[in-house]
Amino acid sequence: MNATRISRRNLLKAGAGLGGALALPTIVTSRGMAAGGTQPVNMQLGWIAGGNQIGEVAAKRLGYFEEEKIDFAIQPGGPSIDGVAIVASGRYEVGQVSSSPSLMLAASHGIPVTCFAVGAQKHPYAFFSLPKDPIRKPEDMIGKKIGVQATGQILLTALLKKHNIPEDKVKKVIVGSDMMPLVSGQVDAITGWATNTTQLRMLGPDYVTMRLWDEGIQLYGLPYYATQDTLKNKAALIAAFLRAAGKGWAYCKANPEKAVDLLIKEYPNLVKKDELAAVPIMLSYEFTDRTKEHGWASFDMAVWQHQIDTYADLGQFSAGAPKLDSVATTAILDMTKDSRPKIG
């Protein structure tokens with residue numbers, strides 16, 4: 001999760017300097033001239049495409065985007081690709097980031113991107129420990145060594161502050177993305193995503209999970225976003241995208257094994273066994289009691305305000321806290337309220 005401050009200058013520079021490896025004129029040209037009255041929708045990711053996009057892949061493979069007259073493509077990200085900058089520059093229509101703080105920080109710097117839907121209703125970020133020395137609540141971290149990625153340090157700080165635990169009572173250890181420091185005993189708990197079943201497998205079947213959301217730091221995972229201009233002037237297109245994606249995710253819920261087959265066809269590098277293990281966990285975050293009532297991809301503006309307040313309290317907005325309506329809008333959700341799947 002990227003919890004660091006975002007530089008407006010760096011974002012705009014990245015968006016303007018889409019040359020070299022990022023410049024794909026043949027792709028842009030061919031998709032910009034989509035035949036049959038279809039309109040292109042490119043979804044820019046901040047990471048390499050995979051199981052988190054199983055719903056969109058299903059919708060693409062089953063023709064749901066085509067039914068909405070959309071020529072859809074997923075644009076992968078990676079360490080050297082600033083997805084927010086690319087979407088902000090107007091190159092692609094929509095984007096998806098791993099975590100909601102990225103969009104709050106962008107908005108605080110005046111980057112004109114706004115969330116219009118949310119995938120993971122509760123962020124899968126969690127602290128994992130072993131049953132021989134379990135950490136089930138924040139107070140259990142006192143006197144313990146907690147492994148956290150560099151970009152997630154602020155989340156540990158937020159959690160400790162929420163529970164009135166002085167930071168010097170917990171030993172913070174900067175780690176990478178794998179679980180080995182916990183397995184080897186270098187740390188007593190380690191952070192990661194509860195959906196990352198491949199990494200978590202090395203902890204054995206009885207590892208203990210303490211979710212950030214459950215302990216009061218409520219962030220959204222996998223939010224969808226677009227520029228304010230796109231949301232205003234191409235609202236019907238974005239609504240069509242959301243309807244088709246929703247149908248894809250509903251198909252995954254009803255047919256998880258078939259959905260994995262579609263995912264593997266799209267991305268043959270993925271391991272079917274791993275994706276079959278991951279999909280039910282991913283679906284448990286996409287479909288909750290809230291989505292049963294309000295529909296897939298819905299969100300609560302009060303939760304967004306809580307996130308803004310939490311980050312402001314931690315001094316994370318160097319350019320000032322963003323206004324709520326610059327961070328998120330329910331306009332597209334309102335347009336699709338009768339067509340998004342209501343599944344829990």
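Taken together, the values in this text are just the output of simple stated rules run on the coordinates, not laboratory data. Everything numeric in this text was worked out from a predicted model, so none of it was measured. Backbone-built Cβ (ideal geometry, glycine too); neighbour counts: all protein chains shown.
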query = Nearest 0.05, what FRET efficiency do Leu324 and Arg201 give at R0 = 35 Å with Cβ-Cβ as r?
reply = 0.30
inquiry  = Run the paramagnetic zone check for His306: 7 angstrom along Cα to Cβ, then residues of region 190-213 with backbone nitrogen under 18 Å.
reply    = 210-213
task = Sort Tyr220, Tyr92 so that the residue with the fewest other Cβ atoms within 10 Å of its own Cβ comes first and the one with the most comes last.
result = Tyr92, Tyr220
13 Å cut-off, amide nitrogen to a point 7 angstrom out along Arg136 Cα→Cβ, residues in region 186-214 = 208-210
task = Counting other beta carbons within 10 Å of each Cβ, put Val183, Val118, Val279, Val84 in order, fewest first.
result = Val183, Val279, Val84, Val118
key: Cα-based reach from Lys258 at 23 Å (exclusive), listing lysines while leaving out same-chain residues under 8 positions away   = Lys60, Lys247, Lys272, Lys273, Lys292, Lys342
ask   = When Lys and Arg each count +1 and Asp and Glu each count -1, what net charge do the other residues less than 10 Å away from Phe287, Cβ to Cβ, add up to?
value = +2
remark   = Of region 186-220, those with amide N under 17 Å from the point 7 Å along the Cα→Cβ vector of Asp313 are 212-220
inquiry  = So I have [x] 32; [y] 26; [z] 21, and one of them is percent of Cα pairs over 35 Å apart calculated from this model. Which one is it?
reply    = [z]
task = Could you tell me how many degrees, from 0 to 90 and to the nearest 10, lie between the Cα long axis of helix 153-162 and the main elongation axis, the longest principal axis, of the Cα atoms of the chain?
result = 60 degrees
query = What is the pair-distance distribution P(r) of region 283-344, computed from all Cα-Cα distances in 10 Å bins starting at 0, with each bin given as a whole percent?
reply = 21, 39, 27, 13
query = Which percent, to the nearest 5, of DSSP beta bridges fully inside the chain are antiparallel?
reply = 55 percent
ask   = Helix 301-313 sits at what angle to the longest principal axis of the chain, using alpha carbons and giving 0 to 90 degrees rounded to 10?
value = 50 degrees
key: Mean separation of Cα contacts under 8 Å (6+ apart) over length of region 125-215, as relative contact order %   = 49 percent
Between helix 235-254 and the chain: long-axis angle, C-alpha atoms, 0 to 90°, nearest 10 = 60 degrees
task = Determine the gain in length on full extension of the stretch Lys161-Asp289; use 0.36 nm per residue of separation and subtract their C-alpha separation, reporting nm with one decimal.
result = 43.2 nm
task = Mind sorting Met180, Met282 by how few other Cβ atoms lie within 10 Å of their own Cβ, fewest first?
result = Met180, Met282
ask   = Pulled fully out, how much extra length does the chain show between Asp168 and Ser80, if you take 0.36 nm times their separation in residues and subtract their Cα-Cα distance?
value = 28.2 nm
query = Using alpha-carbon pairs under 8 Å, 6+ residues apart, how would you state the relative contact order of the chain in percent?
reply = 25 percent
